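S.K.: Starting off with a structure, shown below.
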Amino acid sequence: MAISSESDTRQNAESRARIVARLRETKKAKGKAHTLSVLSQPVLPKFVEREQGKTEAFVARAEALSCRFLTEGKTEKKTVAKVIAKSSVSKVLRDFLATRRGKKALPLLLFDVLEKSYWQRLGILKNVEGCCRPTEVSEEVEGGDFEATPFPAFSLQRAVCAIAETGTLVFANRTRAQALLTFLPTVHIVLLAERDIVGSLEQAFVRVPSSAAGLWACHLVSGPSRTADIEQKLHMGAHGPKELVVLLHR
Amino acid sequence: MTSVSSGKSFHDDAAAALQNPSLQAALDKAGAGFLATRSRAFASIENAQALCEAAERVRTRAVHDMADLLLLFEQRARAQGVSVHWAETAEQARSIVLALCAGKRRIVKGKSMASEEIELNEALLQAGAEVVETDLGEYIVQLAEEIPSHIIAPAVHKTRAQIDALFRHHHGGRKTPEGRVRSSQTLVEEARRIIRKKFLRAEVGITGTNMLIAERGAALLLTNEGNGDLSAIMAERHIVLAGIERIVASEKDAAAVLRVLARSATGQSLGTYVSLYGGTGRGTDGTEKPRKDMHVVLLDNGRSAMHGGPWHDMLRCIRCGACLNHCPVYTSVGGHAYGWVYSGPMGKVLSPLLAEAGTDARLKRRVAALPHASSFCGRCVEVCPVGIPLTSLMRKLRNRHFERPQGIKGWKTRLGCLGVRLLFAHPRLYRSLLALALRLLKLAARGKGHVGRVAWLPGIGGWTKTRDLPVNRSARAAITLLDDV
C-alpha cells in the first residue's frame with residue numbers, strides 16, 4: 001500500500017470537495033456555519049436548577065456510582081465529614097494506603113512528574129513511604145515501560161473540577177502520561193477541592209482549557225470502569241480502574 | 001463479507017433465530033433490563049421531554065450545517081496537529097486506514113460501528129496485522145467470528161456458558177472441570193488480563209467517536225469500560241473513524257446530546273468515561289509538543305446522498321440503541337437476522353440506504369427487504385430521543401421498493417396484491433368473505449389441544465410455526481356484528 005503523500009493530498013482534496021458539494025447542494029437554506037451553540041441557554045434537568053448544595057449532590061451521585069470518599073474517622077455517613085481539611089489530606093491518604101499494603105513488594109503509586117512539587121508541598125510523597133513506592137511518570141514513558149507491571153496498584157491525580165449533575169470528576173490532561181494515570185492503575189486516587197464542584201456539564205466544559213492552553217485530552221470520569229457485557233451483569237474494573245477513591249478537601 | 005447470517009434473507013434468518021433456544025434465552029434475559037433502566041433514567045427527570053427536544057434541535061442544526069461544521073472541524077483539528085482524511089466510500093476509508101497502519105502489526109480497537117460498516121478488520125487481517133477488539137462485548141464477538149448483534153451490547157446474544165467455552169478455547173491455560181461454568185466476574189478478570197497485554201504492546205489504536213466537536217476540533221468518545229481510552233492513549237498512533245454526520249457545533253451542544261444519549265442507551269446519566277481527544281498537549285518542559293499522532297477519517301459512504309432528501313432525518317441518529325431495545329421484532333429475532341452491522345428499526349432504515357452507496361449487490365438485495373420487517377407499532381418513534389420518524393421512513397422505503405421493477409416478484413405475491421385490491425374495492429364481497437373466514441377459523445380452533453387457538457392455517461404456516469392464532473371472544477363478536485350488516 002504505497003501512496004505518495006502528494007497524490008494522497010490531492011485525493012483528499014478531491015474527496016473533500018465532492019462531499020462538501022453534495023452537502024451544500026441539498027442544503028435547503030444556505031448560510032454561514034453556526035459556530036456558536038444552537039442553544040442560547042442550555043436546557044438543564046429540573047433537579048439541577050433546584051439544587052442548592054452542590055457538594056451534597058455531587059457526593060451522593062458519585063457514591064451511587066461506586067466512588068469512595070476517604071474520611072478522617074472510620075465510617076462517616078454525613079456529607080460534611082467527607083470534606084476534609086487540606087492539611088489532613090496527607091494523613092488520610094497514608095491511612096488508606098496502609099490498609100492496602102501488600103505482603104510482598106511495595107505497590108506502585110504513580111504520579112505525574114509535572115505535579116511532583118505540588119505533592120511534595122502537601123507532604124504526601126514523604127508521608128506515604130513505607131506504604132507504597134511513589135513513582136513518577138513522564139511524557140517519555142511508553143506502554144512498554146509497564147510491561148513488567150501491567151497493573152500498577154495506585155495513581156494519584158488532581159481533578160480540574162467535578163460535576164454535581166452527574167457525580168463526575170473532570171481531568172484535563174496535558175500529556176499522555178497524565179492520561180495514563182486516569183486509566184492504567186487498579187485504584188485511582190483523586191484530589192478534589194470543594195470549591196471546584198460545579199453544577200452542570202456545561203459549566204464543567206468551560207473549565208476545560210483549550211488546546212492552545214496546553215490540553216492534550218479531557219476525561220469526564222463517572223465512577224470506576226465497568227462492563228455489563230456478559231449477561232447484563234455489572235462488574236467493576238473492565239479495563240480501567242476497579243476503584244475510584246476521592247480525597248475531597250476544603 | 002462479515003456475516004453470520006446463514007440464510008439468504010431476513011425471512012430465513014429470523015425464522016432460524018426464533019428456533020434457536022440459546023439465542024432466545026439470551027434475548028429474554030437482556031430485554032426487560034434495558035427497558036426498565038431506560039424508563040427509570042427518564043422518569044427521574046421532570047423535564048425529560050425538554051431535554052430530548054434540546055438534543056433534537058442540536059442534531060437538526062448540526063445536520064443542516066454539516067458541510068460548514070466539518071470544514072471548521074478540519075481547520076481547528078489541523079491547527080492542533082491532527083490529520084483529517086476524507087473518505088467518500090468504504091473502500092477509500094479502508095485504504096486510508098491501511099496506509100496509516102502500513103508496517104505496523106499490533107492494532108487495538110475501541111468499539112466503532114463505522115469500522116464494522118467498512119469491514120475494516122478483514123482488510124487489516126489480510127494485510128497481516130493482528131487486530132484485537134477491546135470492548136468486552138466486541139472481543140467476545142470477535143473470538144466467535146461473528147458480528148455484533150446490538151450496537152450497545154454487541155454480545156447480548158451470547159450466554160455465559162458460551163462465553164466460557166470461547167475463552168477456554170482461545171485463552172488456553174488451566175482447564176476448569178467440564179460442565180462447570182465460570183462466574184462472569186472470573187471471565188471479566190481473564191479478559192482484562194489478556195487484553196491489557198495487548199494495550200501495552202499496541203502500535204496503533206483505532207476507535208470510533210460519538211461526536212466530533214467542530215469548535216474544539218476534538219473527537220468525543222464515550223465508553224463504560226475505558227477500553228476506547230486505553231486504545232487512544234497507549235498506542236503511538238490514534239486513528240478515529242467517524243461518519244460525517246457525527247459532527248456537532250460546540251461542547252455546549254455536545255452536553256445536550258450527552259444528557260439523552262446514555263440515558264437512552266443504558267439508563268446511566270452519563271457514560272463512565274466521556275473523553276475529548278485532539279489537543280496538542282505540552283511536553284514535560286512546558287513547551288507545545290504533540291506527543292503522538294492522531295488521524296480522523298471522515299466517512300461519507302452514502303451519508304451525503306441522504307442529506308436534504310427523503311431520508312434526511314435519519315442523519316440525526318445518535319446511535320443510542322433505544323429503538324432496538326423497544327422493537328418487538330428485534331427483541332424476538334436478535335441482531336444477526338438483519339444481515340448487517342446496523343439492526344433494529346434504525347438498521348431497517350440505515351442499512352438499505354448505506355448499502356446503496358456500496359458495490360455489494362447481494363447485500364443490497366438482502367437489506368432492501370428490511371423495511372418490510374415491521375408491524376409499525378411505533379414504539380421506536382416514541383422512544384427515539386431525537387425524534388426520528390422511523391416508521392414513516394420505513395414506509396417511504398417500502399413504497400420505493402415496490403416502485404422498482406424488482407419490487408413485486410413471484411406469482412404468489414402478484415396474485416395476493418390483486419386479490420387485496422379486488423376486496424378493498426368491493427365492501428360487500430369483503431364483508432361476506434370475512435364472515436366466512438371467521439367461521440372457518442372458529443371451526444379450526446376446535447382441534448385437540450388448542451381449543452380457542454388455531455395451530456396451523458394454509459398459507460400462513462410461517463406465522464403459525466412459532467405461535468398460535470387466538471380465536472377469542474372478539475372474533476365471535478365480529479361474526480355477530482357482520483351478520484347484522
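S.K.: For segment B:70-205, which whole-number percentage of the solvent-accessible area (1.4 Å probe, protein heavy atoms only) is attributable to carbon and sulfur atoms?
M.R.: 47
S.K.: For segment B:248-277, which residues drop by 50 square angstrom or more in accessible area between the chain on its own and all protein chains together (1.4 Å probe)?
M.R.: Correct list: B:LYS252, B:ARG259, B:LEU270, B:THR272, B:TYR273, B:VAL274, B:LEU276.
S.K.: Then there's this: How long is the gain from B:CYS377 to B:LEU18 if the chain were fully straight, where each residue apart is worth 0.36 nm and the alpha carbon distance is subtracted?
M.R.: 127.3 nm
S.K.: Roughly how many percent of the accessible protein surface of segment A:88-179 is carbon and sulfur, given a 1.4 Å probe and a whole-percent answer?
M.R.: 50
S.K.: Sticking with this one: Using a Gaussian network model on chain A with a 10 Å cutoff between Cα atoms, which of A:VAL43, A:VAL187, A:VAL170 fluctuates the most?
M.R.: Highest fluctuation among the options: A:VAL43.
S.K.: Which of these, A:ALA62, A:ALA13, A:ALA164, has the largest mean-square fluctuation under a Gaussian network model of chain A (Cα springs below 10 Å)?
M.R.: A:ALA13
S.K.: Quick one: which residues, 5+ away or cross-chain, put their amide H under 5 Å from the amide H of B:VAL156? H built at 1.01 Å from N.
M.R.: B:SER149, B:HIS150
S.K.: Also, quick follow-up: For chain A, state the average projected area of the convex hull of the C-alpha atoms over all orientations, rounded to one decimal in nm².
M.R.: 20.4
S.K.: Ok, one more. Where the centre of each part is set by its Cα atoms, how far does segment B:147-216 sit from segment A:159-190, in angstrom?
M.R.: 24
S.K.: Taking a probe of 1.4 Å, how large is the accessible area per residue of segment B:10-304, in Å²?
M.R.: Ligands and nucleic acids excluded, the result is 33 Å² per residue.
S.K.: What total accessible surface area, summed over both chains, is buried at the interface between chains A and B, computed with a 1.4 Å probe and given in Å² to the nearest 100?
M.R.: 8800
S.K.: Here's a follow-up. If you restrict to DSSP beta bridges whose two residues both lie in segment A:86-212, what percentage is antiparallel, to the nearest 5?
M.R.: 15
S.K.: Taking the simple approach of a point 7 Å from Cα along Cα-to-Cβ for both B:ASP360 and B:GLN49, what is their distance in nm?
M.R.: A separation of 4.2 nm, rounded to one decimal place.
S.K.: Considering only DSSP beta bridges whose two residues both sit in chain B, what percent are antiparallel, to the nearest 5?
M.R.: Close to 30 percent.
S.K.: Let me check I have the definition right: for segment B:69-225, take the eigenvalues of the Cα gyration tensor, multiply each by 5, take square roots. What are those semi-axes in whole Å, largest first?
M.R.: So the equivalent ellipsoid measures 33, 17, 14 Å along its semi-axes.
S.K.: On to the next question. Dividing the Cα convex hull volume of segment A:166-209 by residue count, how many Å³ per residue is that?
M.R.: 91
S.K.: Can I ask one more? As a check on your grasp of the helix formula, calculate [θ] at 222 nm for chain A: sum -39500 (n - 2.57) over DSSP H runs of n ≥ 4, divide by the residue count, round to the nearest 500.
M.R.: The per-residue figure over chain A is -8500 deg cm²/dmol.
S.K.: Dipole of chain B, Cα-centred, from +1 at each Lys and Arg C-beta and -1 at each Asp and Glu C-beta, to the nearest 20 debye?
M.R.: Dipole about the Cα centre, nearest 20: 1760 debye.
S.K.: Right, something else. Can you give the Rg to Rh ratio of the protein assembly as shown, both from alpha-carbon atoms, with Rh computed by the Kirkwood formula?
M.R.: Rg/Rh for the protein assembly as shown comes to 1.01.
S.K.: Ignoring the sites themselves, what is the longest stretch of chain B with no chymotrypsin sites (Phe, Trp or Tyr not before Pro) in a DSSP loop and at most 16 other beta-carbon atoms within 10 Å?
M.R.: Here the longest segment lacking exposed loop sites spans B:1-375.
S.K.: For B:MET113, what is the net charge nearby, where nearby means another residue's Cβ is under 14 Å from its Cβ and Lys, Arg count +1, Asp, Glu -1?
M.R.: That sum, taken over residues with Cβ under 14 Å, equals -2.
S.K.: Here's another thing I want to ask about it. In chain A, once you exclude exposed GluC sites (Glu not before Pro) (DSSP loop, at most 13 other Cβ within 10 angstrom), what's the longest stretch remaining?
M.R.: My reading of the result: A:148-250 is the longest stretch.
S.K.: Using the alpha carbon gyration tensor of chain B, what are the three equivalent-ellipsoid semi-axes (square root of 5 times each eigenvalue), largest first, in whole Å?
M.R.: Semi-axes, largest first: 44, 27, 21 Å.
S.K.: May I pose another question? Pull up the DSSP beta bridges for the protein assembly as shown and report the antiparallel fraction as a percent, rounded to 5.
M.R.: 35
S.K.: If you build the convex hull over the alpha carbons only and average its shadow over all orientations, what do you get for segment B:1-127? Give it in nm² to one decimal.
M.R.: Taking a quarter of the hull surface, the average projection is 13.0 nm².
S.K.: Give the Rg (one decimal place) followed by the Dmax (whole number) of segment A:99-194, computed from C-alpha coordinates and expressed in Å.
M.R.: Both quantities, over Cα of segment A:99-194: 13.6, 42 Å.
S.K.: Taking H as built 1.01 Å from N, whose amide H comes closer than 5 Å to the amide H of A:ILE84, not counting residues under 5 places away?
M.R.: Those qualifying (amide H under 5 Å, at least 5 residues apart or on another chain) are A:LEU248, A:HIS249, A:ARG250.
S.K.: With a probe of 1.4 Å, find how much accessible area segment B:319-403 has per residue, and write the answer as a whole number in Å².
M.R.: 33
S.K.: Would you mind telling me which residue in A:LEU122, A:LEU191, A:LEU23 has the biggest mean-square fluctuation in a Gaussian network model of chain A, where springs connect alpha carbons within a distance under 10 angstrom?
M.R.: A:LEU23
S.K.: Amide H to amide H, which residues 5 or more places from B:CYS377 or on other chains are under 5 Å from it, using H placed in the peptide plane?
M.R.: none
S.K.: Dividing the Cα radius of gyration by the Kirkwood radius, what Rg/Rh value follows for segment B:311-395?
M.R.: Expressed as Rg/Rh, it is 0.93.
The values are calculated or read from the model by the stated rules, or taken from the named source; none is laboratory data. Quick caveat, the model's predicted, so the values are computed rather than measured. Backbone-built Cβ (ideal geometry, glycine too); neighbour counts: all protein chains shown. Quick note on the areas: whole protein, heavy atoms, side chains included, nothing else; ligands and nucleic acids left out. Shrake-Rupley method; radii C 1.70, N 1.55, O 1.52, S 1.80 Å.
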